[in-house]
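Q: Before I ask anything, let me first share the structure, which is written out below as structure tokens.
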């Protein structure tokens, strides 16, 4: 079974600065997808960024980028130019690339990001 | 295009009562997933359904919990004889038919927060 670990329960960043959230995972599969979701106090789950394991290039979405290290099974999220609206819980998630896996996600325990004005 | 709709948003039940949580997937989506989020934790997979079919219920407790996704109408997660430990946020997510290189993420509803008193 796959596991996803987020070792930082809480992180804090100054507005306009850069912060990196860590995520490691354990799997024996070679084909999979990785995601970062943001959950603000409204409880809505918002997809921030996704990475296909077969792609070597790190995904980027505006101020959000990942550092995907497949051999190390590491998938960190970098938020540049942090904004107050970035304050939320962030969850790393894994999805198998196997045909019969459906679209089921395995989530990490989350990191609470606080942004200081 | 309406997103995934869950209702109710909040549900309060006394111990021993039944809880019914509803989820209407996005239009065109035939696959539904239910997740549970305990306070300060990540989301945990419960069950994966297609119309009239349970595909994977490996994350669902064997007793008191059941789920269905009928041909017509929303998916229902039913919890019988609720206990305090069932208090959590329950999320539904939907997707179209997944494939090997399927690249579309899950779409989540805003969750139902169940409180058992």
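The values are calculated or read from the model by the stated rules, or taken from the named source; none is laboratory data. For clarity, every value in this text was computed on a predicted model and none was experimentally measured. Ideal geometry is used to build each Cβ from the backbone, glycine not excepted, and the neighbour counts take in all protein chains shown.
For (1) surrounded by 16 or more Cβ atoms within 10 Å (Cβ to Cβ); (2) closer than 25 Å to residue A:1 by Cβ; (3) at pLDDT 95 or above, each residue gets a yes or a no:
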site: B:39; (1), (2), (3): no, yes, no
site: B:53; (1), (2), (3): no, yes, no
site: B:62; (1), (2), (3): no, yes, no
site: B:67; (1), (2), (3): yes, yes, yes
site: B:95; (1), (2), (3): yes, yes, no
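Q: Which one of these does residue B:27 not meet: (1) more than 17 Å from residue B:84 (Cα to Cα); (2) part of a strand (DSSP E or B)?
A: (2)
Q: Which fully enclosed strands (runs of 3 or more DSSP E) of segment A:6-117 have 2 or more residues being under 30 Å from residue B:51 (Cα atoms), in contact with a strand residue (DSSP E or B) (Cβ under 9 Å, 6 or more places away or on another chain) and within 13 Å of another protein chain (Cβ to nearest Cβ)?
A: A:32-39, A:46-52, A:88-96
Q: Still on this structure, I have one more. Counting just the residues of segment A:85-100 that are surrounded by fewer than 20 Cβ atoms within 10 Å (Cβ to Cβ) and more than 15 Å from residue A:11 (Cβ to Cβ), which one comes out modelled with the highest pLDDT?
A: Checking each candidate, the answer is A:85.
Q: Out of B:88, B:19, report the one residue that is at pLDDT 95 or above, surrounded by 16 or more Cβ atoms within 10 Å (Cβ to Cβ), under 20 Å from residue A:40 (Cα atoms) and over 11 Å from the mean Cα position of the chain (by Cα).
A: The match here is B:88.
Q: Which count do you get for residues in segment A:35-57 that are modelled with pLDDT of 95 or more and over 17 Å from residue A:88 (Cβ atoms)?
A: Residues in segment A:35-57 being modelled with pLDDT of 95 or more and over 17 Å from residue A:88 (Cβ atoms): 0 in total.
Q: So, one more: Under 27 Å from residue A:33 (Cβ atoms), within 12 Å of another protein chain (Cβ to nearest Cβ) and assigned to a loop (DSSP other than H, G, I, E, B) - does that describe any residue in segment B:76-97?
A: Checking segment B:76-97: at least one residue is under 27 Å from residue A:33 (Cβ atoms), within 12 Å of another protein chain (Cβ to nearest Cβ) and assigned to a loop (DSSP other than H, G, I, E, B).
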